[in-house]
1. Residue by residue through the range A:20-34, note down the ones that are part of a helix (DSSP H, G or I) and within 7 Å of chain B (Cβ to nearest Cβ).
2. B:Ile52 versus (1) over 18 Å from the mean Cα position of the chain (by Cα); (2) more than 7 Å from chain A (Cβ to nearest Cβ); (3) aliphatic (A, V, I, L, M): which is the lone unmet condition?
3. Would you mind stating whether B:Ile9 is under 26 Å from A:Tyr17 (Cβ atoms) and over 13 Å from the mean Cα position of the chain (by Cα)?
4. Among the candidates A:Ser110, A:Ser45, A:Ser62, A:Ser38, single out the residue that is at pLDDT 80 or above, assigned by TED's automatic domain parsing to the domain that holds A:Asn189 and part of a helix (DSSP H, G or I).
5. For the range A:207-220, what are the residues that are at pLDDT below 90 and either of a type in the set (Lys, Arg) or farther than 18 Å from A:Ile171 by Cβ (or both)?
6. A:Ser188 versus (1) in contact with a Phe, Trp or Tyr (Cβ under 9 Å, 6 or more places away or on another chain); (2) at pLDDT below 90; (3) of a type in the set (Ser, Thr, Tyr): which is the lone unmet condition?
7. If only one of A:Glu220, A:Glu243 is assigned to a loop (DSSP other than H, G, I, E, B) and surrounded by fewer than 22 Cβ atoms within 10 Å (Cβ to Cβ), which one is it?
8. State which residue is farthest from A:Asp237 (Cα to Cα) when the search covers only the range A:120-142 and only residues that are at pLDDT 90 or above and part of a loop (DSSP other than H, G, I, E, B).
Amino acid sequence: MPDWAANLSWQTILDFYLIYVLIVLVLKFVLRNKRVFSMFLFYISMWGIFAFADYLGLSIASVVYEELPLLLLIFIIVIGAPDFRLTLESLWKETTRQGTIIMGSERTKSEIIKAAMTLSRQNIGGLITIEKHNNLDQYAQRAITLNSEVSNELLVNIFTPNTPLHDGAVIVRGDKIICAGAYFILSSNENFEKTTGSRHRAALGISEITDSLTIVVSEETGSISLAINGVMTKMKDENTLNEYLSLFMK
Amino acid sequence: MKAFFKFLIEPIRYLGSRGFADVVVKFFDRHEWLIYVVAFVVALITIFIIYIQPAL
């Protein structure tokens, strides 16, 4: 039996298995976010160079090599924190998927459309998020609880300027408005125009990390847009909005 | 001279750039199963370095 074979035992197989699982998880995690992945690649390439230098016995490079794990920690905390947070939140999107979903009735749908059209006509800003599989309780808990039936009048009233609840989102679950004044994390999507307002960015932000649909009414132009799966689509008219909502709520 | 100094850092800069990350992420999006192959190979190399190489 060769010498190296003496080092192998069942512990080696277990060790191999654990390393394999860890690498798969790390790769899946870093590949979710391009910025995290580019930082990961940069770190790995630096680590490879300094490991090689350490192997060659280069004194100064060896000192840097020993400090690299600490550097990684600082790197994660200081530079990568927002991206790591975003990536972890996209993992949360999968873990918070509910088996059963409650979607609103036809009446709820038409009330939401009526409200969106009214807000649009009067140039009142609005943000209505409809929950699907991903539970939005963590946002609702920090907002004003309502638990009231969805109605056009209530929605318009919530978003009327200079009222306590107008600044924030309304979350709809089934036929109920569960809360108003909810705040979402703004999207940092760079493909989006820099002049895009925070309401639209909030809508895009929640659509990136959950499977909800958000209706945004612009305060400036009165235009209606839908944000779903990280994509913002402008609605041409009431019929288009109706079609999108029917597809989403069926 | 300027080009020479820039050239020295170029390989690392390219590896850490968004463009390269974009290419790799897109590739693994299309061939997700290759993540498992890469992980398997890296784990094998690690085992080789830790368990086998010292005895060679």
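The values are calculated or read from the model by the stated rules, or taken from the named source; none is laboratory data. Predicted model, so just to flag it, every value in this text is computed and none were measured. Because the Cβ atoms are built from the backbone with ideal geometry, glycine has one as well, and the counts that use them run over all protein chains shown.
1. Scanning the range A:20-34 gives A:Tyr20, A:Ile23, A:Val24, A:Leu27, A:Lys28, A:Lys34.
2. The single condition B:Ile52 does not satisfy is (2).
3. On the way: under 26 Å from A:Tyr17 (Cβ atoms): no; over 13 Å from the mean Cα position of the chain (by Cα): yes.
In short, no.
4. Values: A:Ser45 fails: assigned by TED's automatic domain parsing to the domain that holds A:Asn189; A:Ser62 fails: assigned by TED's automatic domain parsing to the domain that holds A:Asn189; A:Ser38 fails: assigned by TED's automatic domain parsing to the domain that holds A:Asn189.
That would be A:Ser110, the only listed residue that is at pLDDT 80 or above, assigned by TED's automatic domain parsing to the domain that holds A:Asn189 and part of a helix (DSSP H, G or I).
5. Residues satisfying the conditions are A:Glu219, A:Glu220.
6. Here A:Ser188 meets the rest and fails (1).
7. On the way: A:Glu243 fails: assigned to a loop (DSSP other than H, G, I, E, B).
The conditions single out A:Glu220.
8. Taking the range A:120-142 as the starting set, the residues that turn out to be at pLDDT 90 or above are A:120-131.
If we keep only those that are part of a loop (DSSP other than H, G, I, E, B) too, we end up with A:122-125, A:131.
Values: A:Gln122: 15, A:Asn123: 15, A:Ile124: 17, A:Gly125: 17, A:Glu131: 23 Å.
This residue is A:Glu131.
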